[in-house]
Amino acid sequence: MILVFMMPMFATGSPNYSLVGNASAADACNGDIEPVLWNQTVGRSALVPHYNYYDMYWGFGDYDDDGKKGRDHESQQFPSEAREPTELNPEEEWMYRNWDGGSQLEPLTSNHHATMLVGNDSIGALRVNLSAQHRTTICISLQSLNETEDDYSADVYLMTTSEYDRYTELYYSYHSENSFYWDIAESLSEVSPEWRSMDFTGWRTYRDAHQYESVDEINFALNLDGPESYTPLFGSEQWQNFYIVIDTWDNNHDSDSPAPGVVTAADVTIITTERSFILPNYTVALAFLLMMIGVAIFPFILNARYMKSGLEQAENMPNSGLVPSLERPAELPPITGDERPAEQKSYPSIESNKET
């Protein structure tokens, strides 16, 4: 079984389908780059501290002249000076007003490059629809547009739509003076992985692994087992897009980077490679099922071989001195010397033995 699992490491086929090839492919960020078709193949969104999407739901905005509830810069939740963008917030208005996307993107099957400007204490995200027929390599390089004496770093995450929704809830709660949600999340901080799925205040990255914190450059690759979808307990199946997140705010993770206080320039390169051979999803379960069956029947096979080896040795041994078994009748040794029947033979009596 060990040799079977290690076989892909020594495969001589295409490097795209061996473990060694995948590791080196994460550094291959070159290819034929095509222009980005915004909101068709790639979407752009942002979260900024001077705009809170949940104002209209939490009810902290003032009423307009026509009596309808609306968002007002003079609400009690944020002072007017805190709601106005500064020079550290280069995001355009359409990015953070339509952060949840809306349009369905085409599967990503081509190579693209984009540069995002992410403000301080903000979030910049690229929304893509990853294809299960392609391996996707994502290369990100971060740098500061402003001079800073300290070492610059930020956080990079990969999330699905449902994971990104919970992430944005925590961001908006943190930037609200009237929400208690952030206090609970901060008190819990990072929950252990075995309990993370039960934490209603927590958020996770894709496969609970694609989180790269306090970095200025990162390359990673991933293969999808199939189309990413989510089926809630009550409701129909929901399609999941992917968000490549550049995080420049101090979230509730213990090891994340704090707000750098500068504008971040993120160069994101996405390279896709078509996969010619894709194993079905059930192959993993089938492999472990065969392993468990092998473990269960191994004692019976060992016992049967042990019993059979004893019979083989008995057949090859001479006929003298054999121990009778269920499959072999008792055999008497040949009679030599006095061939009289046992009842005609005379044996010394007890008295003669005493005299002797």
Could you please state, rounded to a whole Å, how far the C-alpha centre of region 209-271 is from the C-alpha centre of region 275-295? 29 Å
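What does the highest-first list of 110-121, 214-225, 253-264, 42-53 look like by mean Cβ count within 10 Å? Write out the running numbers ahead of the final one.
Values: 110-121: 19.4, 214-225: 15.3, 253-264: 17.0, 42-53: 22.4.
Ranking the peptides 110-121, 214-225, 253-264, 42-53 by packing returns 42-53, 110-121, 253-264, 214-225.
Any read-out appearing in this document is the output of simple, stated calculations on the displayed coordinates, not a laboratory observation. What you see is a predicted model; the values in this text were computed from it and never measured. Cβ: placed from backbone, ideal geometry, glycine included. Neighbour counts: every protein chain shown.
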